[in-house]
1. Here is a check on your reading of the model: is R169 of a type in the set (K, R) and either in contact with a helix residue (DSSP H, G or I) (Cβ under 6 Å, 6 or more places away or on another chain) or closer than 15 Å to F196 by Cβ (or both)?
2. Among the numbered conditions (1) modelled with pLDDT of 95 or more; (2) crowded, with 16+ Cβ neighbours inside 10 Å; (3) over 23 Å from M11 (Cβ atoms), tell me where R120 comes up short.
3. Output the number of the condition that R34 fails; it satisfies all remaining conditions of (1) charged (D, E, K, R); (2) farther than 13 Å from G108 by Cβ; (3) modelled with pLDDT of 75 or more.
4. Being acidic (D, E), touching an Asp or Glu at 6+ places or on another chain (Cβ under 7 Å) and at pLDDT below 95 narrows it down to one of D61, D75, D126, so name that one.
5. Could you go through region 148-164 and let me know if any residue there is within 30 Å of E78 (Cβ to Cβ), touching a Cys at 6+ places or on another chain (Cβ under 9 Å), surrounded by fewer than 21 Cβ atoms within 10 Å (Cβ to Cβ) and of a type outside the set (S, T, N, Q).
6. So, in region 176-196, how many residues would count as being in contact with a His (Cβ under 8 Å, 6 or more places away or on another chain) and either among the hydrophobic types (A, V, I, L, M, F, W, C) or modelled with pLDDT under 95 (or both)?
7. Would you pick out the residues in region 175-187 that are more than 13 Å from H124 (Cβ to Cβ) and not hydrophobic (A, V, I, L, M, F, W, C)?
8. So, in region 97-118, of the ones that are hydrophobic (A, V, I, L, M, F, W, C) and part of a helix (DSSP H, G or I), which residue ends up farthest from the chain's Cα centre (by Cα)?
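The values are calculated or read from the model by the stated rules, or taken from the named source; none is laboratory data. These numbers come from a predicted model, not from an experiment. All Cβ positions, even for glycine, are placed from backbone atoms using ideal geometry, and neighbour counts span all protein chains on display.
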Amino acid sequence: MRNFRVIKDGMDVGALGLAISMNPDLWTADTFLRNYPQGPFGDTDTIMLRFPEIQTGMSEDEIELYKQNQLAGYDQHESIAYPAWSKLTQAHAFVFDLARFVEATRIGRVMVNRIRPGGRIFRHADTAEHVRYWRRFHLVIQGQPGAVIYCGEEKDGSKDETIQMLTGRLFWFRNELDHEVRNESSVDRISMVMDFHV
């Protein structure tokens, strides 16, 4: 495989999954990604644990500068703890242990995404500035066969490499390439996304 690396299967995510189930209000606390104009996340609910402060009221030119991390006074790479970070403390060990494992010098976005059965994250590549700086990892909190991530491009012959997103699987993938997730299983696919600067 060129676009994925499974780090470990069978991680014990039971306590984190239970904490998420016991706090259902966290799914609706922040709808930024779901409602992002022309974004690929319309079928996705997200719990923001760490994320940059949401910037509003910017002109189109300012947005473009922000995406390139060139807007004066803003650092798009600086993620802050959102209220859910202190509610889902079961996530902390996974984040900090992986940061040590990959020898990260900075922890970025940490989000828990849920895709309903039959839902998907539509094909997209993450922004150039983001993928230049960060490496993307997933820890699957709930996933059954049929919850699949696709990643790759025709030009390098890796289009639609896939892996199953199974409960307890921790993996890295190349989010600078076109990728999508389809949940063709019978349960919600829940995964914690973690970005690290290494």
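1. Values: of a type in the set (K, R): yes; either in contact with a helix residue (DSSP H, G or I) (Cβ under 6 Å, 6 or more places away or on another chain) or closer than 15 Å to F196 by Cβ (or both): no.
Taking the combined requirement at face value, the residue does not satisfy it.
2. So the condition that R120 fails would be (1).
3. All conditions are met except number (3).
4. Of D61, D75, D126, the one residue that is acidic (D, E), touching an Asp or Glu at 6+ places or on another chain (Cβ under 7 Å) and at pLDDT below 95 is D126.
5. Among the residues of region 148-164, not one is within 30 Å of E78 (Cβ to Cβ), touching a Cys at 6+ places or on another chain (Cβ under 9 Å), surrounded by fewer than 21 Cβ atoms within 10 Å (Cβ to Cβ) and of a type outside the set (S, T, N, Q), which makes the answer no.
6. Summing the residues that are in contact with a His (Cβ under 8 Å, 6 or more places away or on another chain) and either among the hydrophobic types (A, V, I, L, M, F, W, C) or modelled with pLDDT under 95 (or both) in region 176-196 gives 6.
7. Hits for region 175-187 are R182, N183, E184, S185, S186.
8. F101
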